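Nothing in this text is a laboratory measurement; each read-out follows from the coordinates by a stated rule. The model shown is predicted, which means the values in this text are computed figures rather than measured ones. Cβ atoms come from the backbone with ideal geometry, glycine included; neighbour counts cover every protein chain shown.
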């Protein structure tokens, strides 16, 4: 187990990554798959901030807004106030961590169709 905020380091020493936001797991995936195709909008935003030589591969929008207080987190999906894809459902319901592909989990209502 290795805990870090530096994904550029994590990429080189981990086989599997768990992404958390305000104490909740939002995505779990093998390292190479997570870096190639992040699913959760927070993961996408995090990876947009990792320095890359080939900038053509990144087309994600950086996270806007202030980080909510972990002592008084938002209802539903904790990331919804900062998510560019948030819907009313995101504000109401906490998304379940579901398998989206073999060995990959994500907690996002956008995966529901």
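When the chain is treated as a GNM with alpha-carbon contacts under 10 Å, the residue of 66, 99, 33 showing the greatest mean-square fluctuation is 66. Result for the chain in a Gaussian network model with C-alpha springs under 10 Å: among 11, 49, 88, the largest mean-square fluctuation is at 88. Here each label is just a point 7 Å from Cα along the line to Cβ, and for residue 18 and residue 111 those points are 1.5 nm apart. Using a cutoff of 8 angstrom between alpha carbon atoms and counting only pairs six or more residues apart, the relative contact order for the chain works out to 24 percent.
A Gaussian network model of the chain, with springs between Cα atoms under 10 Å, assigns the largest mean-square fluctuation among 91, 101, 45 to 101.
Quick note on the chain: its Rg to Rh ratio, both from C-alpha atoms and Rh being the Kirkwood radius, is 0.94. Under the simplified labelling scheme, the residue 64-residue 9 pair shows an inter-label distance of 3.2 nm, with each label point 7 Å from Cα along Cα→Cβ.
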